[in-house]
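Notes follow the structure.
Rule-based calculations on the coordinates, nothing more; no lab input. No experiment lies behind these values; they were computed from the predicted model shown. Here the Cβ positions follow ideal geometry from the backbone for every residue, glycine too, while neighbour counts run over all protein chains shown.
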Amino acid sequence: MIAQHQVMGFGWLVRMALALPLLLTLTAARLTVSIPPQLVVADPSSVPLGQPVTAKVGDTLLTAKVYDLERVKLTAPLHVTFDKFAEDYEVGTQLTTVMVPSRAKENTGLDASVYYCGSDLRTRSKFAEWMIGDWFSRWEPIVRFCFTDTDHDQKIDHMVLAGTKDKLLQKAVAIAPVPFTLDKIVPDEGASEVRLIFRKLETLTGELHMELQLYRKGQRQLFTYLLSGNYRDKKFLPPSELYPQFKFNPKKIPYPAKFDNILGATVEVKSVDTVNGTAAFEFRRPIGPALFKPINVETQIIFIYM
């Protein structure tokens, strides 16, 4: 667990999570959910704030641990079926929390803002998805069973199938109540962490490169950018796209150079030593607390036969 003062209460987290797009995409004909953001927080005692630090290429400059905003686990087994889909959940199954906008009630018929979703269920092969997309199908390529607790007694009592295009099939269905546990701000089970790396120093130009990296279960997870937002100086900062590469060219503007709001962190490069491959840094703020969600931009090839 982390200290309450490190996240300044839960209120800003809820507001930020609701502001981050891609939590749930909902149009007149579709109900589709995706993974919610996580929280990243550095231990301030591990960061030498306001002190000069010399680092060499390859060094980790800052680290921060990743937390789930909520963790929901079933405490009783559950079997659900809907149309051609069915799934069994064992005791201890973890569900993913998803916050939905108020207009979801038009599709589901429920005045619920939070759902807990199971694992992805593929509706067709990847080959079929690549070749014809989702034409002529009542389903998105991926669907999920999602549940909600309408009377707030910590038992899920209704379900929807997220990923159906048919509005008649988007209505919530009552189920026999199943109890669950809910914990807030808990460490990511993959022991995930975010690292800011001193990646490169150009010998001839003195250009310095830093890179933001994400690790899960000890393995690096690549991303195109992070959708992120944080609370700083008593201000709720709007969500932004944070790309992993940071570089500074002293040929245009000489050092010192300041990089602001790298997931909340402020890093100043005081000077560089191109002979020894080192640089002098000063960290004004640590990473986080901030919400983030890795986004991967993929290119899809569409084959057209004439």
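Cα to Cα, under 16 Å, and not fewer than 8 places away if on the same chain: which lysines meet these conditions relative to residue 252?
Correct list for residue 252: 270.
Determine ³J(HN,Hα), in whole Hz, for all residues of the stretch 256-271 in sequence, where each value follows from phi through the Karplus function 6.51 cos²θ - 1.76 cosθ + 1.60 and θ = phi - 60°; x replaces Gly and Pro.
Calculated HN-Hα couplings, in order: x, 10, 10, 10, 10, 6, 8, 6, x, 7, 10, 10, 10, 8, 6, 6 Hz.
Please give the contour-minus-distance gain from residue 51 to residue 121: 0.36 nm per residue of separation, less the Cα-Cα distance, rounded to one decimal in nm. Write out the running numbers ahead of the final one.
Numbers: separation 70, 0.36 × 70 = 25.20 nm, distance 5.06 nm.
That works out to 20.1 nm of additional length.
Checking the table 184/293; 73/165; 73/217 against a 24 Å threshold on Cα-Cα, which pairs fail?
Working: 184/293 18 Å; 73/165 28 Å; 73/217 21 Å.
Violating the 24 Å Cα-Cα cut-off are 73/165.
Rounded if a/c is under 1.5, else prolate if a/b is larger than b/c, else oblate: which is the stretch 133-225, with a ≥ b ≥ c the root eigenvalues of its Cα gyration tensor? Could you put the intermediate results ahead of the total?
Details: a/c = 4.65, a/b = 1.93, b/c = 2.41.
It comes out oblate by the Cα gyration axes.
Calculate one ³J(HN,Hα) per residue across the stretch 276-290 by plugging θ = phi - 60° into the Karplus curve 6.51 cos²θ - 1.76 cosθ + 1.60, and present them in order as whole Hz with x for glycine and proline.
Residue by residue, the stretch 276-290 yields 9, x, 10, 8, 9, 10, 9, 9, 8, 9, x, 5, x, x, 8 Hz.
Provide the FRET efficiency to the nearest 0.05 for the residue 284-residue 87 pair, computing r from the beta carbons and using R0 = 41 Å. Write down the numbers at each step before the final one.
Details: r = 48 Å, r/R0 = 1.18.
Efficiency computed from Cβ-Cβ geometry: 0.25.
Name the long-range amide H neighbours of residue 281: under 5 Å, sequence gap of 5 or more, or other chain; modelled H, no Pro or chain starts.
HN-HN under 5 Å from residue 281: 53, 54, 55, 270.
I need to check one value: relative contact order of the stretch 236-275, counting alpha carbon pairs closer than 8 Å and at least 6 residues apart, in percent.
Normalised by residue count, the contact order of the stretch 236-275 is 30 percent.
Could you give me the ³J(HN,Hα) list for the stretch 146-155, computed from phi with Karplus coefficients 6.51, -1.76, 1.60 and θ = phi - 60°, whole Hz, x at Gly and Pro?
With the stated coefficients, the stretch 146-155 comes to 10, 10, 9, 10, 6, 9, 6, 9, 6, 9 Hz.
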